Amino acid sequence: MRICAVELKGDDAIFCIMSKNMGLLDIPEVRQRKITISNTQDTENMRWFQRQLLQLVTDYKVDKVVIKERPMKGKFAGGAVGFKLEAAIQLIEGLNVELITGSRIKEQLKHTPILMEYKQTKLKQFQEQAFITAYACLHMQDGLYGAG
């Protein structure tokens, strides 16, 4: 299974595409690490965002998109733009989308910790949370702890 994990942060949707091949992580080099949307008030901009994401997951043969869910209240609450982007992703026709909470990710990582230095991934620093989300979700897909 190939996963595209998405972290929504401000005006950005940040990606990490990952799969496992014979127990090893496969993180392909992709042409686009994030999509920034400048105006979520404009319907055409939102449709552009959806087309960009759909093209990315189609080109890289992604089976599932997982979005790291942000709380609605509290210190780490997501902003309005993030929630709009989350909804826009969920509404892309034909896309398999799942939301996953930070607490579920942390619980999975307790049972299957990441055994490599982040630098080894060759991803950009801003992609780290998307990487962690993808890693945890791949292990949930394996039927290990936290599979739902």
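The values are calculated or read from the model by the stated rules, or taken from the named source; none is laboratory data. Everything numeric here is computed off the predicted structure, so don't read it as measured data. So basically every Cβ, Gly included, is an ideal-geometry build from the backbone, and we count neighbours across all protein chains shown.
What are the residues in region 10-28 that are out of contact with any strand residue (DSSP E or B) (no Cβ under 8 Å at 6 or more places or on another chain) and without any contact (Cβ under 8 Å) to a residue 40 or more places away in the chain, if any? Within region 10-28, 21, 22, 23, 24 qualify. Somewhere in region 16-38, is a residue at pLDDT below 95, surrounded by 14 or more Cβ atoms within 10 Å (Cβ to Cβ), part of a strand (DSSP E or B) and in contact with a Gly (Cβ under 8 Å, 6 or more places away or on another chain)? No - not one qualifying residue is present in region 16-38.
Regarding residue 75, is this residue farther than 19 Å from residue 128 by Cβ, of a type in the set (Lys, Arg) and modelled with pLDDT under 95? So residue 75 fits the description; yes.
Search region 77-102 for residues that are farther than 15 Å from residue 3 by Cα and pair each with any residue that is buried (at least 16 other Cβ atoms within 10 Å of the Cβ) and among the acidic types (Asp, Glu) when their beta-carbon atoms are under 8 Å apart and the residues are at least 6 apart or on different chains. Close Cβ pairs satisfying both conditions: 78/86; 81/11; 86/69; 101/69; 102/69. Looking at 84, 75, 61, 119, just one residue is among the charged types (D, E, K, R) and at positive phi, and that residue is 61. In summary, helices (runs of 4 or more DSSP H) completely within region 46-148 and bearing 2 or more residues that are aromatic (Phe, Trp, Tyr) and buried (at least 16 other Cβ atoms within 10 Å of the Cβ) occur at 128-141.
Scanning region 1-25 for residues that are closer than 26 Å to residue 101 by Cβ and more than 15 Å from the chain's Cα centre (by Cα) returns 20, 25.
Taken as a whole, region 101-110 holds at least one residue that is under 23 Å from residue 140 (Cα atoms) and among the aliphatic types (A, V, I, L, M).
Among all positions in region 78-96, there is at least one residue which is of a type outside the set (Ser, Thr, Tyr) and closer than 14 Å to residue 137 by Cβ. So is residue 61 more than 14 Å from the chain's Cα centre (by Cα), over 14 Å from residue 87 (Cα atoms) and touching a residue at least 40 places away in the same chain (Cβ under 8 Å) or not? Answer is yes for this residue.
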